[in-house]
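Report on the structure given below.
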Amino acid sequence: QVQLVESGGGLVQPGGSLRLSCTASRTVSSIYLMGWYRQAPGKQRELVAVINRDGSTNYADSGRGRFTISRDNAKNTMYLQVNSLKPEDTAVYYCNLETWTSNYWGQGTQVTVSS
């Protein structure tokens, strides 16, 4: 079993930045894909960004150019740098880890963009 713990969310003004972190409870050698998702009130959970096994990345249109996904394997941690935040980015942000046989989710971290 793997526990994922997100942190770094908070209240930020439009145009501001945050760095979200997702730390796994142990090293996982069979990671297939890691990603960030978000869910706004009344909406379905949506993909924000993913980082593949080979380190390549993909972004949803909503965050392309503003968000950067990365990982530090030595720290078992994945990051999401979010810049130029907009009110519509307000959501609970979740991290996800997929192995060949399992799928894990964190508990989420709230990001609120408001003046």
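Could you list all residues from segment 39-59 that are more than 19 Å from residue 112 (Cα to Cα) and hydrophobic (A, V, I, L, M, F, W, C)? If you could, list the steps in order and put the result at the bottom.
Kept after step one, since they are more than 19 Å from residue 112 (Cα to Cα), are these residues of segment 39-59: 50-59.
Within segment 39-59, 50, 51 meet the criteria.
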Note: among 11, 20, 33, just one is in contact with an Asp or Glu (Cβ under 7 Å, 6 or more places away or on another chain) and exposed (fewer than 15 other Cβ atoms within 10 Å of the Cβ), namely 33
Residue 69 meets each of (1) of a type outside the set (Asp, Glu); (2) in a strand (DSSP E or B); (3) farther than 25 Å from residue 26 by Cβ; (4) without any contact (Cβ under 8 Å) to a residue 60 or more places away in the chain with one exception, condition (3)
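For residue 28, are the conditions met, namely being of a type in the set (A, V, I, L, M, F, W, C), open to solvent by 30 Å² or more (accessible area, probe 1.4 Å), touching a residue at least 60 places away in the same chain (Cβ under 8 Å) and within 17 Å of residue 105 (Cβ to Cβ)?
Details: of a type in the set (A, V, I, L, M, F, W, C): yes; open to solvent by 30 Å² or more (accessible area, probe 1.4 Å): no; touching a residue at least 60 places away in the same chain (Cβ under 8 Å): yes; within 17 Å of residue 105 (Cβ to Cβ): yes.
No.
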Per the filter on segment 7-38, residues in a strand (DSSP E or B), modelled with pLDDT of 95 or more and not hydrophobic (A, V, I, L, M, F, W, C) are 7, 10, 19, 21, 23, 35, 37, 38
Of the residues in segment 72-91, those that are free of Cβ contacts under 8 Å to residues at least 60 places away in the same chain, of a type outside the set (Gly, Ala, Ser), in contact with a strand residue (DSSP E or B) (Cβ under 6 Å, 6 or more places away or on another chain) and not in a helix (DSSP H, G or I) come to 76, 77, 78, 90
Scanning segment 52-66 for residues that are modelled with pLDDT of 95 or more and not in a loop (DSSP other than H, G, I, E, B), the one most open to solvent (accessible area, probe 1.4 Å) turns out to be 58
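The values are calculated or read from the model by the stated rules, or taken from the named source; none is laboratory data. What you see is a predicted model, and the numbers here were worked out from it, not measured in a lab. No Cβ is skipped: glycine too gets one built from the backbone with ideal geometry, and neighbour counts run over all protein chains shown. Keep in mind that these areas ignore ligands, DNA and RNA; they rest on the heavy atoms of the full protein, side chains included. Shrake-Rupley method; radii C 1.70, N 1.55, O 1.52, S 1.80 Å.
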